[in-house]
1. Here are a few candidate values for P(r) over Cα pairs in 10 Å bins from 0, in percent: [x] 7, 15, 12, 9, 9, 9, 8, 7, 6, 6, 5, 4, 2, 1, 0; [y] 8, 29, 34, 21, 7, 2, 0, 0; [z] 9, 32, 35, 17, 5, 2, 0. Which one was actually calculated from the structure I just gave you?
2. Angle between the Cα long axis of helix 51-71 and the longest principal axis of the chain, 0 to 90 degrees, nearest 10?
3. Obtain the nm distance between the two label points defined at residue 12 and residue 167 by a simple spin-label model: each point lies 7 Å from its Cα along the Cα-to-C-beta direction.
4. Shape call for the range 95-193 from the C-alpha gyration tensor, a ≥ b ≥ c root eigenvalues: rounded (a/c under 1.5), prolate (a/b greater than b/c) or oblate?
5. Name the residue, out of 127, 48, 161, whose mean-square fluctuation peaks in a Gaussian network model built on the chain with Cα pairs under 10 Å.
6. Could you work out [θ]222 nm for the chain from helices alone, using -39500 (n - 2.57) per DSSP H run of at least four and dividing by all its residues? Round to the nearest 500 deg cm²/dmol.
7. Kindly state, to the nearest 0.05, the FRET efficiency for residue 183 paired with residue 141, given R0 = 35 Å and r defined as their beta-carbon distance.
8. Rank the residues 130, 146, 112 as a footprinting-exposure proxy: fewest other Cβ atoms within 10 Å of their Cβ go first.
């Protein structure tokens, strides 16, 4: 096989490459043959192997170089450097923000608990006062029936408000419990995705 035949077959195998890589490869092989001289063509062909083998080796080498170049591009390295710098600068801010978030969460829980307890205490107080007003209304029947009716109405109003306050505390407890369960599920799902 002559140099010309070798380069023609090699050219056919290297046509798959991008234009710039193809031209660079053909220039390389042409120069390789030129440097060896016409008397050493057979030796160069023996060193390179068949045109198909030489093309396969060149394509493999180019792919490896491109893969390595893509993995360690300056842009990727710069991105990692910026992320590291931001992490260093953000850490003094992130820790206090996390404490602030936890403090706010704790405050919301405490306020919810205080609301529930105050509604329950109001319900119990109204219930006890309604019983007291009912007992007093019996004694007012001896004085005046209109006063006794008014006091009995006030007792019924206190009793109704007591029931509403107790039901409100029960519903508030249920809503807070559902909120805590939802928040816990969200945190667990977020933790699994990370």
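1. Identified label for the calculated read-out: [x].
2. Roughly 30 degrees between the two axes.
3. 9.2
4. Here the range 95-193 falls in the prolate category.
5. Among 127, 48, 161, the largest GNM mean-square fluctuation belongs to 48.
6. On the way: 6 runs with 175 residues, N = 194.
That calculation yields -32500 deg cm²/dmol at 222 nm.
7. On the way: r = 55 Å, r/R0 = 1.56.
Computed FRET efficiency for residue 183 and residue 141: 0.05.
8. Numbers: 130 20, 146 9, 112 17.
Going from sparsest to densest Cβ surroundings: 146, 112, 130.
Bear in mind that the values in this text are calculations on the coordinates, not laboratory data. Because the structure is predicted, anything quoted here is derived from the model rather than measured. Neighbour counts run over all protein chains shown; Cβ positions are idealised from the backbone, glycine included.
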